Amino acid sequence: MLVEGFYFNGYDRIQRAAWFFAGLRWEDGEAACPRCQSKRVSFLTTRLMWKCLDCKKQFSIKVGTIFEDSPLGLDKWLCAMFLIANCKNGVSSYEIGRDLDITQKSAWFMLQRIRHAMHTGTFTKLSGQVEADETLHRRQGQEHAFRQAEG
Ligand SMILES: [Zn+2]
């Protein structure tokens, strides 16, 4: 699903990132309604939610995932994910930070979580793990964080 360049903005960028997310979030890559299992759903870009066209339920893509307790907006998560997925030669936390207008430290943290999710093939949050990650992150000095990001 590689697209030409990834510096597109707004609707298109978030829409594409949402499809990418769905590819990992749901087993067959298609968003499914948690209530009626329908796959007739549409993505509401303005609300960052899907809406079931059958039972009309709206469901967030954030609940139960690694994004749920993050202070960073889901739009930033989606864009970071998209950058990572589409940059063949890897993307650094500096680039993500610059592109999303967040600190390098925040970008580094996002990178870790997203890479882990891509490695395990799921964005579903594992209980206990998130807390441990954050504790670890706080303990590590900035210098170490830089090394990790560039390594
Ligand atoms: Zn439904």
Among the residues of the range 71-81, the number that are at pLDDT 80 or above and surrounded by 16 or more Cβ atoms within 10 Å (Cβ to Cβ) is 6
Filtering the range 29-69 down to residues that are away from the ligand (no atom under 16 Å from the Cβ) and either touching a residue at least 12 places away in the same chain (Cβ under 8 Å) or outside any loop (DSSP other than H, G, I, E, B) (or both) yields 45, 48, 62, 64, 65, 66, 67, 68, 69
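Which ones in the range 72-87 are assigned to a loop (DSSP other than H, G, I, E, B) and touching a helix residue (DSSP H, G or I) at 6+ places or on another chain (Cβ under 9 Å)?
72, 87
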Picked from the range 1-52 (must be small (Gly, Ala, Ser) and closer than 23 Å to residue 80 by Cβ), the residue modelled with the highest pLDDT is 31
Practice prompt. Looking only at the range 129-149, decide whether some residue is modelled with pLDDT under 80, more than 16 Å from the ligand (Cβ to nearest atom) and within 13 Å of the chain's Cα centre (by Cα).
Written response: no
Only unsatisfied item for residue 91, checking (1) away from the ligand (no atom under 16 Å from the Cβ); (2) surrounded by fewer than 17 Cβ atoms within 10 Å (Cβ to Cβ); (3) modelled with pLDDT of 85 or more; (4) in a loop (DSSP other than H, G, I, E, B), is (2)
Regarding residue 60, is this residue within 12 Å of the chain's Cα centre (by Cα) and either surrounded by 15 or more Cβ atoms within 10 Å (Cβ to Cβ) or under 24 Å from residue 12 (Cβ atoms) (or both)? no
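The values are calculated or read from the model by the stated rules, or taken from the named source; none is laboratory data. What you are looking at is a predicted structure, and each value in this text was computed from that prediction instead of being measured. We place every Cβ from the backbone using ideal geometry, glycine too, and count neighbours over all the protein chains shown.
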